[in-house]
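The values are calculated or read from the model by the stated rules, or taken from the named source; none is laboratory data. Since the model is a prediction, treat every value here as computed from it, not as a measurement. FYI the Cβ positions are ideal-geometry reconstructions off the backbone, even for glycines, and counts take in every protein chain you see. Quick note on the areas: whole protein, heavy atoms, side chains included, nothing else; ligands and nucleic acids left out. Shrake-Rupley method; radii C 1.70, N 1.55, O 1.52, S 1.80 Å.
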Amino acid sequence: MTAGVQHLAVALLLGCALGSARADVIDDFEDGDYTSNPVWFVSNDIGSDAFVQDLLDPTNTSLAMHGTDGGHRRIATETGLAWSEFFYAIDYRADGVHQADFQLLSNLPNDTVPSLTVRWTRTDTTSAIVLREDDIDLLTISLDYSTSDDWTTIAISHDPGTHAVSLTLSDAVTGDIIAHGSVMFDADFATAGNIRYVSIGAQETGWQYFDNIRLQTVPAPGFGGLAAAGCLGFGARRVRRS
């Protein structure tokens, strides 16, 4: 990233009006309990989960989950936010082979209402994140194999001005953008109703770590998807302690 782009990104982050955001799901798991505030339920009961001290920051508590080689352990929580102008982000970390899903699921079972999934798959040699609508891949971003060793922030957002959905991956400590892409979306988010569930899932047998989940709507059409995703990462930036 050039210095000019970095300065622009910083200016956008500092200009974010998070005080006017409406937040519906925020969970940092510091209470060591996902059955309250907010209430999560296990929607696919395989594998295991636990609350653990962050290996990179012992003062922080995160949720650890793992599934099996053939399926995800998955938890979900209900939400009342509308699809239009959503910003959804989560901090995630895993070592080695993994597959993780981060989902926004609709409240109506029909083809005109979206359900979005971000799937991050890492094999022994490759790594990529994919934005999917139901079973259709909308956007694929290949990543450096080592990307997932540290905490990263995965964010997806909707820009009502352009009807684009953006996917951004950034360093959760520094806020530096690692990868970004956007795609035009055919669904009419303005009439799509509410996002019914937020869901996260971990496949494979190795532990994967989740933290700082946030789902917000911010009525700031001028910022666009990249700035929106950046705002979320900036608002929950981690501090690495020695």
Q. Measuring from label point to label point, each 7 Å out along Cα→Cβ, what is the Val183 to Asp137 span in nm?
A. 0.9 nm
Q. How do His180, His158, His163 rank by accessible surface area computed with a 1.4 Å probe, from largest to smallest?
A. His163, His180, His158
Q: Averaging sequence separations of C-alpha pairs under 8 Å and six or more residues apart, then dividing by the length of region 36-79, give the relative contact order as a whole percent.
A: 49 percent
Q: Could you order peptides 50-61, 72-83 by the average number of other Cβ atoms within 10 Å of their residues, highest first?
A: 72-83, 50-61
Q. Which net charge results when you count Lys and Arg as +1 and Asp and Glu as -1 among the other residues whose beta-carbon is under 14 Å from that of Ala128?
A. -1
Q: Enumerate the amide H contacts of Ile195 below 5 Å, restricted to partners 5 or more residues apart or on another chain; note that Pro and chain-start residues carry no placed amide H.
A: Leu81, Ala82, Trp83
**Q.** Label point distance in nm, Asp31-Asn44, each placed 7 Å from Cα along Cα→Cβ
**A.** 2.7 nm
**Q.** Solvent-accessible heavy-atom area per residue, rounded to whole Å², over region 126-205 at 1.4 Å
**A.** 41 Å²
**Q.** Highest average packing first - 171-177, 193-199, Cβ atoms within 10 Å
**A.** 193-199, 171-177
(Q) Give me the one-decimal nm value for the distance between modelled label points at Thr125 and Thr162, 7 Å along each residue's Cα-to-Cβ direction. (A) 3.5 nm
Q.
I need the shape label for region 163-205. Rule: rounded when a/c is under 1.5, else prolate if a/b > b/c, else oblate, with a, b, c from the alpha carbon gyration tensor.
A. oblate
Q: Find the Rg to Rh ratio for region 67-192, where Rh is the Kirkwood radius over alpha-carbon pairs and Rg uses the same atoms.
A: 0.96
**Q.** Quotient of Cα Rg and 2.2 N^0.38 Å for region 133-172, N being how many residues it contains
**A.** 1.40
Q. Measuring from the lowest to the highest alpha carbon on each principal axis, how far does region 36-122 reach, largest first, in angstroms?
A. 42, 30, 22
Q | Carbon and sulfur %, accessible surface of region 165-207 computed with the full protein complex present, 1.4 Å | A | 46 percent
